[in-house]
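Undergrad: Please find one structure pasted underneath; my questions will follow.
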Amino acid sequence: MAYDEHLAERIGQSLKSHKVSFEAKKMMGGLCYLVDGKMTVGIVKNQLMARIDPDTYQEALQRKGAKEMDFTGRPMKGYVFVSPEGMDLDEDLDYWVGLAVEFNPRAKASKKKS
């Protein structure tokens, strides 16, 4: 199991409740959800990855289960990992998905590889 499939179902439901169109893609050994072609949330093993507003980043890191995303060995600003205990309840997961969806319109899209 490369990623938590139950968490994938929960994220899909949360994104639907936020009334956004999304695409799920297998990436980075996990599953990423793209909104408007931009990575918004994802799953790496059993952790949630969320792309949030850098202005609310430090405050968000104070929540239970949240830590800097260090997928590459160094922290990525604006990205957080949330462990299972930080999103046990649906309202906790909805909080993180909501932060990511809210930031998405202002997030920069990745450059397309030629």
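The values are calculated or read from the model by the stated rules, or taken from the named source; none is laboratory data. All values reported here derive from a predicted model rather than from experimental measurement. FYI the Cβ positions are ideal-geometry reconstructions off the backbone, even for glycines, and counts take in every protein chain you see.
Undergrad: Among the residues in the range 89-108, are any without any contact (Cβ under 8 Å) to a residue 24 or more places away in the chain, exposed (fewer than 13 other Cβ atoms within 10 Å of the Cβ), farther than 18 Å from residue 20 by Cα and among the acidic types (Asp, Glu)?
TA: no
Undergrad: Restricting attention to the range 23-45, does a residue exist that is more than 11 Å from the chain's Cα centre (by Cα), among the polar types (S, T, N, Q) and on the phi < 0 side of the Ramachandran plot?
TA: No.
Undergrad: Could I ask something else about it? Quick check on my filter: what residues within the range 68-88 are under 23 Å from residue 5 (Cβ atoms) and outside any loop (DSSP other than H, G, I, E, B)? Steps first, answer last, please.
TA: Of the residues in the range 68-88, the ones under 23 Å from residue 5 (Cβ atoms) are 69, 71, 79-88.
Hits for the range 68-88 are 79, 80, 81, 82, 84, 85, 86.
Undergrad: Residues being surrounded by fewer than 11 Cβ atoms within 10 Å (Cβ to Cβ) and closer than 27 Å to residue 16 by Cβ: count how many of those fall in the range 60-88.
TA: 1
Undergrad: Something else about it: Given (1) under 14 Å from the mean Cα position of the chain (by Cα); (2) farther than 18 Å from residue 3 by Cα; (3) modelled with pLDDT of 90 or more, where does residue 91 come up short, assuming only one miss?
TA: Result: residue 91 fails condition (1) only.
Undergrad: Only one residue in 74, 10 is at pLDDT 90 or above, out of contact with any Phe, Trp or Tyr (no Cβ under 9 Å at 6 or more places or on another chain) and among the charged types (D, E, K, R), so which one is that?
TA: Values: 74 fails: at pLDDT 90 or above.
Just a single option satisfies the conditions, and that option is 10.
Undergrad: Continuing with the same structure: Residues 41, 80: which one is of a type in the set (Val, Ile, Thr) and within 19 Å of residue 9 (Cβ to Cβ)? Working first, answer last.
TA: Values: 80 fails: within 19 Å of residue 9 (Cβ to Cβ).
On inspection, the qualifying residue turns out to be 41.
Undergrad: Can you name every residue in the range 14-49 that is part of a helix (DSSP H, G or I) and touching a residue at least 60 places away in the same chain (Cβ under 8 Å)? Steps first, please.
TA: Taking the range 14-49 first, the residues part of a helix (DSSP H, G or I) are 14-17.
Of everything in the range 14-49, those that are part of a helix (DSSP H, G or I) and touching a residue at least 60 places away in the same chain (Cβ under 8 Å) turn out to be 14, 15, 17.
Undergrad: Going through the range 29-66 one residue at a time, which ones are among the charged types (D, E, K, R), within 17 Å of residue 95 (Cβ to Cβ) and modelled with pLDDT under 95? Steps first, please.
TA: Of the residues in the range 29-66, the ones among the charged types (D, E, K, R) are 36, 38, 45, 51, 53, 55, 59, 63-64.
Narrowing the set further to residues that are within 17 Å of residue 95 (Cβ to Cβ) leaves 51, 53, 55, 59, 63-64.
If the condition is that a residue be among the charged types (D, E, K, R), within 17 Å of residue 95 (Cβ to Cβ) and modelled with pLDDT under 95, then 55, 59 are the ones that fit.
Undergrad: Got a sec? Which of 19, 26 is surrounded by fewer than 13 Cβ atoms within 10 Å (Cβ to Cβ), modelled with pLDDT of 95 or more and more than 14 Å from residue 96 (Cβ to Cβ)?
TA: Going through 19, 26 in turn, just one is surrounded by fewer than 13 Cβ atoms within 10 Å (Cβ to Cβ), modelled with pLDDT of 95 or more and more than 14 Å from residue 96 (Cβ to Cβ): 19.
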